[in-house]
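Take a look at the structure below.
The values are calculated or read from the model by the stated rules, or taken from the named source; none is laboratory data. Computed from a predicted model, the values in this text were never measured in an experiment. Don't worry about glycine lacking a Cβ; one is built from the backbone with ideal geometry, like all the others, and counts go over all protein chains shown. With ligands, DNA and RNA removed, areas are computed over all heavy atoms of the protein, side chains included. Shrake-Rupley method; radii C 1.70, N 1.55, O 1.52, S 1.80 Å.
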Amino acid sequence: LLFLSAPISPLCLFPAASSLRAIRRRRPKPTTPARADCSSSRASICRTPTFHRLKPAPPGHQAVSSMTSPMPLSSPTNRARLTPAASSAGVLSPDMLFDVLLRLPAKELCRLRAVCRCWRSLTIDPLFISAHADLHRSPLFLARFQDDKLHIHVMDSSGNLVKRIAIPRGHQLLCTQLELACVASPSNSCCVLNPATGGLYALPRGPALVQPQRESLRRPDTFVFGRVPSTGEYKVIRTFNRAEFPHNDKLQPFEVFTLNGAASIGQWRILESRDFIVEASSAVVVDGAVYFLMNSSYNRRGRAVTSGIPADYIASLDIEREEWRRDLQGPISGSPVIGDLDARDDYMFMWPQLALADLKGSLVLSYYRRRQFILDLWFLKDFEDGHWVKEYSIRTGSISFCLADEYRVKPLLMLDDGRLVIYAELTGLLLICDPQTNTLTEVETKHLDSVSVYAGNLLSLQEGNIV
């Protein structure tokens, strides 16, 4: 009874050293054949335990847990359970140990792997990792803080820090929703990061070998990181942008790099250019396609109006086929009259307030009407027909003092309960919005420099095939 009511310590799961010495003193001296068997048994205990699948539990069977909880876990009957053949798990049965460790957060489990090989073998098993992910469904984020630009921090939606990972100096985190992450610098350095292991893979810096503008393409505008859903391959796209491109009728170069098992010998490849310049920093990857807004240079001195390129005009690139798809006309812009100064000013003011996002697997165009403190979210329902639906129009007046100087508000994630996680880029705030009540709550964390959604599992030692 005392054991069941006290907190479980890793040390209490194993026999005390004094008890082991007493058992050895009382053990009769074995004969020569028995001594050989004994040494063989000790060797089997010292080896890393192997796991066998147990037979399904009989009807009505229920596991007994030594921890009280408002939601007790019973031994599941719809999955095979693993038990060590030669384990030092002490007084806890394998099923009980499985359920006890399953309740702990990933941060603590990573520490407990150092207790013994048995616990490590259990917590790195894919069956345990899958069950832990199903039970702990709270989202995780990757964050780079303004006062610490040498690390990427893994944190939960409450702002609690789970893990810290060192990155090269001057590298910024790209906004993605993947198992791997990507950091890049303005000096043409790009690295792929595995948050589970902390591993980094640096991509080559040189342009594609057949790039006609090789000498002038030493500093790319930005990188885009995405995944091909059908193959699981990760690809990095880099775009080059110069202020003179739109004025001198130069084409904007694009290059792509595929990460696979032979990435160490990979090379950048040229992608086809478009007849207009996209805003590379606006890119978002949704279901295997990269979407871009138009470059802000078209908004200078009324060029957008005279060139016929609207603010919500969207280009799309298929990252699997590495080909451009048809362009999309957004739902916001109309046909501003050049002579109408008010309409023209409102139209030009719209450009910095637009952002693209991936919410629930759909492309979303976000329009933050700063003067009215209203955030409109338009969802793309049909790509071929270009059909958009405004599903949210959120009033941000409850936290307007935080967004008074904000232009671009970017949605990051839609939670299971319908709330939205929003990132304010200029102020570095992370907000959680409830569309039902039109209220926003600030996540208590340090000011962010960049942020990303982490879709992986910190318990996995292998995520992807590169890092």
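List of remarks:
- Solvent-accessible surface (1.4 Å probe) assigned to residue 279 amounts to roughly 40 Å².
- Sorted peptide list for 369-379, 316-326, criterion being average Cβ within 10 angstrom, highest first: 369-379, 316-326
- Nonlocal amide H pairs with residue 439, under 5 Å, H built at 1.01 Å: 434
- For the pair residue 113 and residue 250 in one chain, pulling the backbone fully straight at 0.36 nm per residue adds 43.7 nm over the alpha carbon distance.
- Here the spin labels are modelled as points 7 Å beyond Cα on the Cα-Cβ line, and at residue 134 and residue 161 they lie 3.4 nm apart.
- The 1.4 Å probe gives accessible areas that order 432, 152, largest first, as 432, 152.
- Of the residues 164, 238, 117, the one with the largest accessible area comes first in the ranking 164, 117, 238, computed with a 1.4 Å probe on protein heavy atoms.
- DSSP-assigned coil residues among GluC sites (Glu not before Pro) in the range 418-454, each with at most 10 further Cβ atoms within 10 Å: 444
- Proximal lysines to residue 163, defined as alpha-carbon separation beneath 27 angstrom and excluding residues fewer than eight positions away on the same chain: 107, 149, 235, 360, 410, 446
- Close amide-amide hydrogen proximity is noted between residue 408 and 425, 426, each under 5 Å apart and 5 or more residues distant or on a separate chain (H modeled in the peptide plane; Pro and chain starts excluded).
- Gained length - residue 233 relative to residue 446, 0.36 nm times residue gap less alpha-carbon distance: 73.3 nm
- Taking 0.36 nm per residue of separation and subtracting the Cα-Cα distance, full extension of the segment from residue 415 to residue 390 would add 7.2 nm.
- Residue 125 contributes about 30 Å² of solvent-accessible surface, heavy atoms of the protein only, 1.4 Å probe.
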